[in-house]
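Notes follow once the structure below has been shown.
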Amino acid sequence: MRKAIFLIFIIYLIPYITVSGEKDSLMKIYHSNSTNEDKVKALLRLSTIQRETDSYSSIKNAKNAITLSKNIEDKTYLIQSYTKLGITYRSIDSLDKALENFLNGLEIAKETDNKKWQSNCLNYLGSSYLQYGQNEIALKYYNKSYQIALNLNDSLALSNALNNIGIVYWRGNLLDSSFNYIHKSMLISRDLKDSAGLVSSFNNLGMLQSELGNLKRALGYYNQAYALAINLNNKWEIANIINNLSVLKMKLGLLDEVENDLRKALTISIEIKSELLESDTYYNLSDYYKEKKDFENSLVAFKKHHDIKTKLINEETSDKITSLEKDFEIRNKDRNLEKLSEANTIQYYLIILLATSLVVVGILIFIYFRKFSENKSLSIELRKYNDDLERLSDEKNKFFTLISHDLKAPLYNISNLSNLMKMYANDMDEAERDTTLDQLNVSSKQLLTLVDNILLWSRTQVGNMENNPEPLNLNSIVSECIDILSPFANDKDIELVTSTDYTENIDIKADYTLLSTAIRNLISNSIKFSNRGHKVVVRTASYNGDIRIDVVDTGVGITKVIQKEILRGNASTTLGTNNEKGSGLGLKITKEFIEMTGGQVTLESQEGKGTTFSIILPKDK
């Protein structure tokens, strides 16, 4: 018995001894008199084997590889080093830095006409944008990667591109197309005996079959993916597949092993420092406990999921806005876009918008400083004011984090799409160029809308926002708002419907800017939290002497906790159904603006069923 236990212990220990020995050997090469090429190879291998257990060292070694690669004539080493660093950043959910490094690699691959690495970098960029929820931009990068791989007859790159294109179509609910692409990818990976590619394909096919209701076929795909992931010792994939298998087992009513499996996934997620996986695992644990009628543990697990998810959103956007400016300047240095005058115009306005954003942040800092100063005036209430100052400081820090979060997505979209056009303008046909310019235009409008909201809100804080009521036709205001937001709704295949027959001839007395801004913000919020193919209804009515404007959706709904925060006027950020990101500033502004007009905002919501925001205005206002 002791011999058996000892043997099992030795077998378990062997992989760790082997990895430790390999690390020592690679470090000796790095510190030796070897050539720069050999040192870079050693650092890249070190970065790979450290990625799941020691992300700090993995990043450090990839950065060292970049430094050494700059002294090597063959720029392939530099491209590999940038992409290796990007992959590690992506594995710890730092998508901004991942995008930056993949783009650096792509630029060098383009300059050196290295088609193979152009395809790889485009694929990595697409995967990062897919995690951002930017499906259309991801598909653009994947298609470019696919075309290059096809021209090179690079089977491995083709397999990766096909698999990823399939995921994008799945996100768009085009399940038949998705299955065809992923299945083709799986066949290529099988011919190549590419275990890593098969893990991804089998896992994706399992999720797809589960969604189609073919649960037993899904189970078969998941089991194949899991066995391969175990052989590869790919801990991220192991935890990810365990999560997917657990969801499937709950659907099949096979609950006996689910808790232990999810606890194992949780242990792995913490070990490899993937908070995204940890958050998903807690969410699935919450569902499991709900199935077992253990509502207390279900609530505990869901709270942990929510806390990690909120932390991820805040950390993802905690970089200073000045660093965004620096990144944007680097990205656009020496950009030769004379042939693309429309793109030049957009970039020009972006710089203006960015400068305006920084000025706005300065205004906000002044606002809070002024509030702090005013709170020090009376020494008798010093303790109370000190408490207020701490609260305001916390709110300020949270608010600036949320604002930088909202600014970041459109800035990165415009910067990276401009780079895409710069590098591949000659390869684009007119339709592709128009599509890219449309996306640039949408991102610019998103940024402009945010800056406009910030400026409006800052005016309310310093008392410069005036309420100038005037006679307005209610239905005309609603129609204008619908027209402005229709393109955003169309992107998610959401129908905007109006029900205004009973207020056709009703005029109201209100401030145009305050009212129209509030209505647009509520409609935009409903679009964000509605699923593809749903409707958002805007209806107006005259009720008990008041005018009522309802914005109704059948989306994901709002938790009771967040409802209370919204009605208190606190900004709150939550990912939309398509991973859209926002600061919650729109709802904060809506509440303040409507109250300035003498009205009120009400909210009714039920999780999983939808939300109704209502603006109620007295007729004589």
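Listed from fewest to most Cβ neighbours within 10 Å, the set SER298, SER201, SER69 follows the order SER298, SER69, SER201. Describe numerically, in nm with one decimal, the distance between label points set 7 Å from Cα along Cα→Cβ at ASN36 and at ASP546. Distance between the two pseudo-spin positions: 7.2 nm.
Annotation: peptides 272-285, 183-196, 527-540, ranked by per-residue average of other Cβ atoms within 10 Å with the highest first, follow the order 272-285, 527-540, 183-196. On the beta carbon distance between TYR502 and HIS183, with R0 = 60 Å, the FRET formula returns roughly 0.70. The overall shape of region 215-308 is oblate: from the C-alpha gyration tensor, with semi-axes ordered a ≥ b ≥ c, the ratio a/c is 1.5 or greater and a/b is no larger than b/c. Residue-wise HN-Hα couplings along region 300-306, as the Karplus relation 6.51 cos²θ - 1.76 cosθ + 1.60 with θ = phi - 60° gives them from phi, are 4, 5, 5, 4, 5, 4, 5 Hz; Gly and Pro carry x.
Counting pairs of alpha carbon atoms under 8 Å apart in space and at least six apart in sequence, what relative contact order in percent does region 470-618 give?
24 percent
The phi-based Karplus calculation (6.51 cos²θ - 1.76 cosθ + 1.60; θ = phi - 60°) puts the 3J(HN,Hα) values of region 426-436 at 5, 8, 8, 7, 4, 5, 5, 5, 5, 4, 5 Hz, whole numbers, x for Gly and Pro.
Along region 483-500 the Karplus relation, 6.51 cos²θ - 1.76 cosθ + 1.60 evaluated at θ = phi - 60°, assigns HN-Hα couplings of 4, 5, 9, 4, x, 5, 5, 4, 4, 10, 6, 9, 8, 9, 10, 10, 10, 10 Hz to successive residues, with x for each Gly and Pro.
For MET27 and TYR56, the difference between the fully extended length at 0.36 nm per residue and the C-alpha to C-alpha distance is 8.9 nm. With 24 Å as the limit on Cα-Cα distance, the pairs of LYS303/LYS560; LYS184/LYS528; LYS97/LYS309 that go past it are LYS184/LYS528. Annotation for SER155 and ASP438: the two label points, set 7 Å from Cα along the Cα-Cβ direction, are 3.8 nm apart. Using 12 Å as the cut-off for backbone N distance, which residues of region 523-547 belong to the label zone defined by a point 7 Å from the Cα of ILE616 along Cα→Cβ? Under cut-off, by backbone N: 543-547.
Quick check on region 60-109: take the gyration tensor over C-alpha atoms, sort the square-rooted eigenvalues as a ≥ b ≥ c, and tell me if it's rounded (a/c under 1.5), prolate or oblate. Oblate. Pairs LYS28/LYS70; LYS39/LYS144; LYS60/LYS193; LYS28/LYS116; LYS290/LYS609: which exceed 24 Å Cα-Cα? Pairs exceeding 24 Å: LYS39/LYS144; LYS60/LYS193; LYS28/LYS116. Would you work out if region 157-222 is rounded, prolate or oblate? Take a ≥ b ≥ c from the square roots of the eigenvalues of the alpha-carbon gyration tensor; rounded if a/c is under 1.5, else prolate when a/b is larger than b/c, oblate otherwise. Judged from the Cα gyration tensor, region 157-222 comes out oblate (a/c at least 1.5, b/c at or above a/b).
The distance between label points at LYS193 and GLN131 comes to 3.1 nm (points 7 Å beyond Cα on the Cα→Cβ vector).
Coordinate-derived values only; no laboratory data. Owing to the predicted nature of the structure, the values given are computational and were not obtained by experimental measurement. Note that each Cβ is placed from the backbone with ideal geometry, even for glycine, and that neighbours are counted across all protein chains shown.
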